[in-house]
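Reading through the structure tokens given below for one structure.
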Amino acid sequence: KSHKLPVLLKPSSIRQIDPEILALTDIFLPNLEEAQILLSTEESQLSKKLQKMQAKEACDKALLEQCADYFLKKGANMVIITLGKQGLFAKGKGILGLYPAKEVKAIDTTGAADAFISALASYILLDFPMEQAIRIASYAAALSITREGAAPSLVDKNSLEAYIATEEPEILE
């Protein structure tokens with residue numbers, strides 16, 4: 001943060017998060033289960049609603065927005081809640097909405113979040129607008145689940161952009 005670089009935070013295996021840490025976070029990236037767990041101590045009703053939504057494998061945009069609002073009020077500048085095969089929900093300055101997952105034949109979902117976050121960070125640093133960086137990162141996550149293993153499934157920039165060029169070339173401009 002002191003070097004003026006964006007700070008992305010992916011919570012993992014935690015039950016609560018310090019608001020001081022969230023205040024230093026530009027993009028907070030929990031998956032649905034992590035968000036539900038983090039909400040369970042302070043916002044138990046919201047947490048229970050998220051748990052029910054997750055069990056139904058459905059997306060409730062209003063509920064996801066409430067969840068994002070909680071983390072935004074705690075200090076995060078943007079919240080991206082990953083939803084697996086349902087895509088993601090993002091809320092922050094100039095960004096609000098559900099982004100569908102790219103449809104591919106899934107072989108191994110291990111590392112999909114790593115692929116998403118890596119691509120997101122890379123394209124933010126390449127000065128892509130947030131909307132485009134999110135969409136590009138969604139392609140990286142999709143391509144990663146078409147291969148087995150975490151590290152071997154990470155796609156390189158050339159392969160990612162070649163694939164996007166065949167599907168949605170305008171997001172690379």
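The values are calculated or read from the model by the stated rules, or taken from the named source; none is laboratory data. Please read all numbers here as calculations on a predicted model, not as lab measurements. No Cβ is skipped: glycine too gets one built from the backbone with ideal geometry, and neighbour counts run over all protein chains shown. To get the accessible areas, we keep the full protein, side chains included, count just its heavy atoms, and leave off ligands, DNA and RNA. Shrake-Rupley method; radii C 1.70, N 1.55, O 1.52, S 1.80 Å.
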GNM on the chain, Cα springs under 10 Å; top mean-square fluctuation among ALA115, ALA68, ALA55 goes to ALA55
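In a shell of Cβ-Cβ distance under 13 Å around ARG147, excluding ARG147 itself, what net charge do Lys and Arg (+1) and Asp and Glu (-1) give? Before the final figure, lay out the partial values.
Details: positive: LYS105; negative: ASP108, ASP114, GLU148, ASP156.
Every neighbour counted, the sum reads -3.
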Expressed in square angstrom to the nearest 10, the accessible area of LEU88 with a 1.4 Å probe stands at 10 Å²
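Looking at the chain, send over the antiparallel percent of its DSSP beta bridges, to the nearest 5.
Numbers: 10 of 15 bridges.
Once the DSSP bridges in the chain are tallied, antiparallel ones form about 65 percent.
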Scalar couplings 3J(HN,Hα) for region 86-93 by Karplus 6.51 cos²θ - 1.76 cosθ + 1.60 (θ = phi - 60°), nearest whole Hz, x for Gly and Pro, are 8, x, 7, 10, 10, 9, x, 4
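Leaving out ligands and nucleic acids, and using a 1.4 Å probe, what accessible area per residue does region 15-173 come to in Å²? Could you put the intermediate results ahead of the total?
Numbers: 8320 Å² over 159 residues.
Each residue of region 15-173 exposes 52 Å² on average to a 1.4 Å probe.
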Residue span GLU148 to ALA165: 0.36 nm per residue of separation minus Cα-Cα distance leaves a gain in nm of 3.7 nm
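What percent do you get for the relative contact order of the chain when only Cα pairs under 8 Å and 6+ apart count?
On the way: 271 pairs, mean separation 26.5, N = 173.
Relative contact order here is 15 percent.
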The lysines whose Cα lies under 30 Å from the Cα of LYS157, excluding any fewer than 8 residues away in the same chain, are LYS1, LYS4, LYS10, LYS85, LYS91, LYS93, LYS102, LYS105
For region 1-95, listing GluC sites (Glu not before Pro) in a DSSP loop whose Cβ sees at most 11 other Cβ atoms within 10 Å gives GLU42, GLU57
Largest fluctuation, VAL155, VAL79, VAL104 only, Gaussian network model of the chain with Cα springs under 10 angstrom, belongs to VAL104
Sorted by chain and number, the residues with a modelled amide H under 5 Å from that of VAL7, at a separation of 5 or more or across chains, are ASP26, ILE27
Length-normalised contact order of region 126-173, Cα under 8 Å, at least 6 apart, in percent, tallies to 36 percent
Using the Cα gyration tensor of region 9-78, the equivalent ellipsoid's semi-axes, largest first and to the nearest Å, work out to 20, 12, 11
Here the Cα Rg-to-2.2 N^0.38 Å ratio for region 84-135 is 1.19
The alpha-carbon center of region 31-52 and that of region 128-147 are separated, in whole Å, by 26 Å
Of the accessible area of the chain, computed with a 1.4 Å probe and all protein chains kept, carbon and sulfur make up a percent value of 52 percent
